[in-house]
Amino acid sequence: MAARFHGSIPALITPFTGGKVDEASLRKLVDWHIAEGTHGLVPVGTTGESPTLSHDEHKQVVEIVVDQVAGRIPVIAGAGSNSTAEAVDFAVHASEAGADAALSVVPYYNKPTQEGLYHHFAAVARAVPDLPILVYNVPGRTVAEISVETLDRLAKDFANIVGTKDATADLARVPKQRMTC
C-alpha cells in the first residue's frame, strides 16, 4: 500500500471566487497537476487553507478532488484538526468520499502531551481502520511535536498509520518500519 505514495505529492490550494469554492478552477488545477506528472494530491492540507474553510467547504473540496482525479493518482485528504472529534469526522469523510489516505496534522494550539497525541491519532486510526493515515508533524506551525517514540508506538499499534510527513527536516525522527512522505 505504501508503495502507491511516492514522488511529488503537493498540497493543493483551494481556489475561491465570489466567496465560494471555485469548483471549475479546482477541477482544472487537478487536471493540470495530473498532466504535469504529479504523483498524488493533498486537498485541504494546511497549505490548502483548511483552517479557514467551513466543514462543509472542507468536505466539498475533498469530494471534488476525488471525483476529478477519478483514480488516476492517489488523493491524500487533509483530515486534521486540534479537535479529535473533528479530525475523526474529517477522516471518516475522506474514507467515505473515496480518498486513498488521510493526512492528519499534530493538533495545533492545544499543546498536547505525548500521551494526548497518542490518543488523538489512535482515535483517528480506529475510526477508519481501512484508510491509511499519515501523521503530519509540523512543530513550527502547531507548537507541538510528536516524538519518535510516540510515532513508533502508533505505527506498532495501528496498521493503518503508514507514515509521517515530517516538516522538521529531521528524517532520523521517522520510525524506520514505516514510509516517509
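What to note about this one:
- Note on the stretch 113-181: enclosed helices (runs of 4 or more DSSP H) holding 2 or more residues that are surrounded by 14 or more Cβ atoms within 10 Å (Cβ to Cβ) and modelled with pLDDT of 95 or more are 114-127, 148-157.
- The C-beta contact set for the stretch 56-76 (first residue touching a residue at least 60 places away in the same chain (Cβ under 8 Å), second residue of a type in the set (Gly, Ala, Ser), distance under 7 angstrom, 6+ apart or interchain) comprises Pro74/Gly40; Pro74/Ala101; Ile76/Gly40; Ile76/Ala99; Ile76/Ala101; Ile76/Ala102.
- In the set (1) open to solvent by 10 Å² or more (accessible area, probe 1.4 Å); (2) in contact with a Gly (Cβ under 8 Å, 6 or more places away or on another chain), Gln60 fails one condition alone, (2).
- Residue count for the stretch 45-74 satisfying the condition of being outside any helix (DSSP H, G or I) and modelled with pLDDT of 95 or more: 5.
- Some residue of the stretch 74-84 being open to solvent by less than 70 Å² (accessible area, probe 1.4 Å), over 25 Å from Val162 (Cβ atoms), touching a Pro at 6+ places or on another chain (Cβ under 7 Å) and among the small types (Gly, Ala, Ser): no
The values are calculated or read from the model by the stated rules, or taken from the named source; none is laboratory data. As the structure is a prediction and not an experimental result, all values here were calculated from the model. Methodologically, a virtual Cβ is constructed for each residue, glycine included, from the backbone with ideal geometry; neighbour enumeration extends over all protein chains shown. In case anyone asks, the SASA skips ligands and DNA or RNA and just uses the protein heavy atoms, side chains included. Shrake-Rupley method; radii C 1.70, N 1.55, O 1.52, S 1.80 Å.
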